[in-house]
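The values are calculated or read from the model by the stated rules, or taken from the named source; none is laboratory data. These figures come from a predicted structure and were not determined experimentally. As a convention, Cβ positions derive from the backbone with ideal geometry for all residues, glycine included, and neighbour counts pool all protein chains shown. For the accessible areas, the whole protein counts, side chains as well, though only heavy atoms, and no ligand, DNA or RNA atoms are used. Shrake-Rupley method; radii C 1.70, N 1.55, O 1.52, S 1.80 Å.
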Amino acid sequence: MPLAAPHRLRRSLTAATTALTLLAGGGALAVMAAVGLDVATAPPAAAVENTLARTPQMGFNNWNSTHCRAEFDESMVKGIADLFVSQGLKDAGYTYVNLDDCWALPVRDAAGNLVPDPVRFPNGIKAVADYVHSKGLKFGLYSSAGTSTCDVPGFPGGLGHEQQDANQWASWGVDYLKYDNCNNLGLDAKQRYTAMGEALKATGRPILYSICEWGSNQPWTWAEPLGNSWRTTGDISDSWSSMIAIAHANQALAPYAGPGHWNDPDMLEVGNGGMTDTEYRTHFSLWAEMSAPLLIGSDLRTASPATLAILKNTDVIAVDQDPLGAQGTVIADSDGLVVMSKPLADGSRAITLTNETTTPRTISTTAAAAGIGGAHSYTVKDLWSKETTTSRGAISASVPSHGTVMYRVTPKTPTPLPTGLLRLGDLAWTSAGNGWGPVERDHSNGEAAAGDGHPLTIGGTTYAKGLGVHAASDIRYHLGGTCRNLTVDVGVDDESGTNGSAVFRIYRDRTLVADSGVRRGTDGPLRLSADLTGGGDLRLLVTDAGDGDTFDHADWADPRIACGTGPSTGAHALSDLAWSSAGNGWGPVERDQSNGETASGDGQPLTIGTTTYTKGLGVHAPSAVSYYLGGTCTNLSTDVGVDAESGIRGSVVFQILADGVKVADSGTLTGAKAAVHLSAPLTGANELTLQVTDAGDGNTSDHADWAAPVLTCT
């Protein structure tokens, strides 16, 4: 505690007088030597690295509750440990039960050891530490880097007794030291705090080292190698003006905080009565946003339900304890309206909107300003009301005077599209805007209610699949960088008659990759092909042609998008690959055997004429089997014919299609004919379809074999 604190008074001890005399005669180094400080100039260890405080410490300090009054005793401390468990504070993350000033007698014993006050702690400090440990908690003590601690009835400080005191505390099972700055004789702060830090390390016991230097010598610039936290300001008091001033001072120090080394703006005043619950929620929110230690400073024996609710808000605590260990920073500060953003380990941001004025105000920011722009949408959780909403990036709230709204804002990461040649109308968009009525799937836009359109029709051509829109329309999909191409027919729907005009544009991220020019109601369909390679997002945009949007019913007809990679390089037996779809006249498509018309596996070895094949597909007309190629394959070679099990019956036609275009045709084959060899060019194709039709005479006995089909890919 700083000397100016109203509740602490400087003590004048004989040791202090002696040291000041030495100072007059020999300077600061002489004093350090006189009190036993190591005056070597070697630098301290590179980092504290005691594995402690990887997240900011949480616990309790008794000072605000009891000061040095008689009620501060063994019974009170044990009672706090009990309350940690019974009130759920331990479960919420609070760990340390810390004693502040006045736990020891004003003088050391003959051996120079500190002596616990026998009235306050008749069983000694170790017994109290053992009790705290028995509850699954940790125990902390207090001292000062001077000749005495801060309060009048305090006790000797650690100056010149660093190793002796550290060893004593370690023997008692102490887990935490708060090391104050009173009665320091004006000696070098870094030297004094280094001495105790090295002493604590030398004990071999992990002891969290809380440097309470009040920020007088900018400890954030030198204390990281020494301690786990350092006070950045003077003492907090239970008032709005004190709390918010300390917050302002601490906010600027974000670069110095991180796992194992934290800026400490002093303990919490929540529940002490000098502020409203709204102000206390601001206090707690800002401390969590700043990754500050959360040390309860109120009397838990009389804490109200409202106080406990604030202290046990696990969503806010999770922000403070986030393992990334980043302190939040101010991203906007204007006329008493302050916005902070804190990065979190899962890619979210904790955002605080604080109203420091005396009237309610609306405070706004964006996900981009908070450092997480670029997502299609965000989950926004209010950490106090617990309400969860979705936003496209805008973040705003009406905030009461001296209040804080605290959000956890999480980018939604859409699932990348699956592998294959996909119909865009079957996929979920990330957003869809339309000039009139909703965007429609698989029928035209009727301008009013969902489902009020007609079959998609452009220039007399009707399509079963697609999107019906009305200019101006903007539809977006997340691709995840996995898609390579989109093909689509576009045009003004026939329901507009000869009216209507529209322009269709396709964007890969922000790059225009296809443009239809002006399409009118008198035009037929236009095929667009868009390169989507590497794109994270797809945008389908329809605008009017500059003449207004009357009758601008526009169709994205049969849009197909190729996503993912095709088969690997090499020659593949087609029956070893997974098809994307398979339809058959009778029974299932069979792998490496003929079609038996009923159950899977009821066929025979593939045989055309007198030739038997070990690999291939057995089908029954009419049949269509499709494979996704992803543009990586060059050729399919195969023998085809009616399977011998049909005898001389059966007549079929085999056709190979690349992206719906026929590239090979067997002509009519019957059971009396030998196998025919087909070779089909596939370079650049996204989809291969093997089609078998009857020969116009019905499909009786039309058992057809794709025999020894080999797909070559590069």
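Some notes on this structure:
- Restricting the range 110-129 to residues that are charged (D, E, K, R) and under 49 Å from the mean Cα position of the chain (by Cα), the residue that is least open to solvent (accessible area, probe 1.4 Å) is ARG120.
- Number of the exception - LEU467 against (1) farther than 23 Å from GLY684 by Cβ; (2) open to solvent by 20 Å² or more (accessible area, probe 1.4 Å): (2)
- Matching entry among ASP592, ASP602, ASP576 (being farther than 30 Å from ASP474 by Cα, without any contact (Cβ under 8 Å) to a residue 40 or more places away in the chain and touching a Leu at 6+ places or on another chain (Cβ under 8 Å)): ASP592
- Residue check, PRO206 open to solvent by 20 Å² or more (accessible area, probe 1.4 Å), in contact with a Lys or Arg (Cβ under 7 Å, 6 or more places away or on another chain) and at negative phi: no
- Filtered residues of the range 664-711 (kept if in contact with a His (Cβ under 9 Å, 6 or more places away or on another chain) and open to solvent by 50 Å² or more (accessible area, probe 1.4 Å)): VAL710
- Residue in the range 478-486 that is within 22 Å of ASN686 (Cβ to Cβ), at pLDDT below 90 and polar (S, T, N, Q) present: yes
Yes/no per residue for (1) closer than 30 Å to ASN434 by Cβ; (2) under 48 Å from the mean Cα position of the chain (by Cα); (3) charged (D, E, K, R):
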| residue | (1), (2), (3) |
| --- | --- |
| ALA554 | yes, yes, no |
| ARG560 | yes, yes, yes |
| GLY564 | yes, yes, no |
| LEU574 | no, yes, no |
| THR610 | no, no, no |
| TYR613 | no, no, no |
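- For the range 188-199, the set of residues classified as touching a helix residue (DSSP H, G or I) at 6+ places or on another chain (Cβ under 6 Å) and open to solvent by less than 10 Å² (accessible area, probe 1.4 Å) consists of MET196, ALA199, listed by residue number.
- Number of residues in the range 267-284 that are assigned to a strand (DSSP E or B) and open to solvent by 10 Å² or more (accessible area, probe 1.4 Å) equals 0.
- Here the range 592-605 is the region considered, the condition is being buried (at least 18 other Cβ atoms within 10 Å of the Cβ) and not polar (S, T, N, Q), and the residue that is farthest from GLY650 (Cα to Cα) is GLY603.
- Taken residue by residue, the range 285-297 has at least one member that is without any contact (Cβ under 8 Å) to a residue 60 or more places away in the chain, among the aromatic types (Phe, Trp, Tyr) and buried (at least 24 other Cβ atoms within 10 Å of the Cβ).
- Taking every residue in the range 73-85 that is in contact (Cβ under 8 Å) with a residue 12 or more places away in the chain and pairing it with any residue that is open to solvent by 30 Å² or more (accessible area, probe 1.4 Å) and aromatic (Phe, Trp, Tyr), at least 6 positions away or on another chain, the pairs with Cβ-Cβ distances below 7 Å are LYS78/TYR131; ALA81/TYR131.
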